[in-house]
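J.: Sending over a structure as structure tokens; questions will come in a sec.
Bear in mind these aren't lab numbers, they're just calculated from the coordinates by the rules spelled out. On a predicted model such as this, the values are computed, not experimentally measured, just so you know. A quick note on method: Cβ atoms are made from the backbone with ideal geometry, for glycine too, and the neighbour counts reach across all protein chains shown.
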Amino acid sequence: QVQLVESGGGLVQAGGSLRLSCAASGSVGIFSIKVMSWYRQAPGKQRELVAGISSGSSTNYADSVKGRFTISRDNGKKTVYLQMNSLKAEDTGVYFCKMSGGSGYWGQGTQVTVSS
């Protein structure tokens, strides 16, 4: 069984920063070869990909967050991070961590609220 636990969400003013963490535990296998991703879901909207990082630490970002968000990973800690800077009201939503494998593994999400 795999557990992904997100943390670091909260309420922040526009222009501020937050750092999200997602820690993997359980039957993860070799964490370093997993593709890790961050998604978000705003109220009334579909879940969307925010950022991803491959086993080789190649990264990709949604156009809306390029230049503001940075995804990184610490394989020794089985943790992936999302540094979010210059936050905007439209970044508000529940942020989910996803790990590759089978049909994918999801965390429970962490709420990010950006006040304008």
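J.: For the residue pair Val5 and Ile30, what label-to-label distance in nm results when each label sits 7 Å from Cα along the Cα-to-beta-carbon direction?
T.: 2.7 nm
J.: What Kirkwood hydrodynamic radius do you get for the chain when you take the inverse of the mean 1/r over all pairs of distinct Cα atoms, in Å? Numbers along the way, then the final one.
T.: On the way: mean 1/r = 0.0711 Å⁻¹.
When all Cα pairs of the chain are included, the Kirkwood radius is 14.1 Å.
J.: Find how much the distance from Lys66 to Leu49 grows on full extension, using 0.36 nm per residue of separation minus their present alpha carbon separation; answer in nm with one decimal. Walk me through the numbers on the way to the answer.
T.: Numbers: separation 17, 0.36 × 17 = 6.12 nm, distance 1.23 nm.
The span from Lys66 to Leu49 would gain 4.9 nm if fully extended.
J.: Further question: Using +1 at the C-beta of Lys and Arg and -1 at the C-beta of Asp and Glu, which of Val5, Ser58, Gly15 has the Cα lying farthest in the positive direction of the dipole of the chain?
T.: Result: Ser58.
J.: I want to verify the translational diffusion coefficient of region 9-61 in µm²/s; compute it with Stokes-Einstein, Rh as the Kirkwood radius over Cα pairs, at 20 °C and 1.002 mPa s. Could the numbers behind the result be given before it?
T.: Numbers: Rh = 13.4 Å.
The diffusion coefficient I find is 160 µm²/s.
J.: Mind scanning Lys45/Lys88; Lys45/Lys98; Lys45/Lys77 and naming the pairs with a C-alpha gap bigger than 26 Å? Intermediate results must be reported in sequence, preceding the final value.
T.: Working: Lys45/Lys88 17 Å; Lys45/Lys98 18 Å; Lys45/Lys77 32 Å.
Violating the 26 Å Cα-Cα cut-off are Lys45/Lys77.
J.: With each pseudo-label sitting 7 Å past Cα toward Cβ, what's the Gln13-Trp106 distance in nm, one decimal?
T.: 3.4 nm
J.: Run the dipole for the chain about the Cα centre, Lys and Arg Cβ at +1, Asp and Glu Cβ at -1, nothing else charged, and hand back the magnitude in debye, nearest 20. Show your work: numbers first, answer last.
T.: Values: 12 positive and 6 negative charges, 27 e Å.
So the magnitude is around 120 debye.
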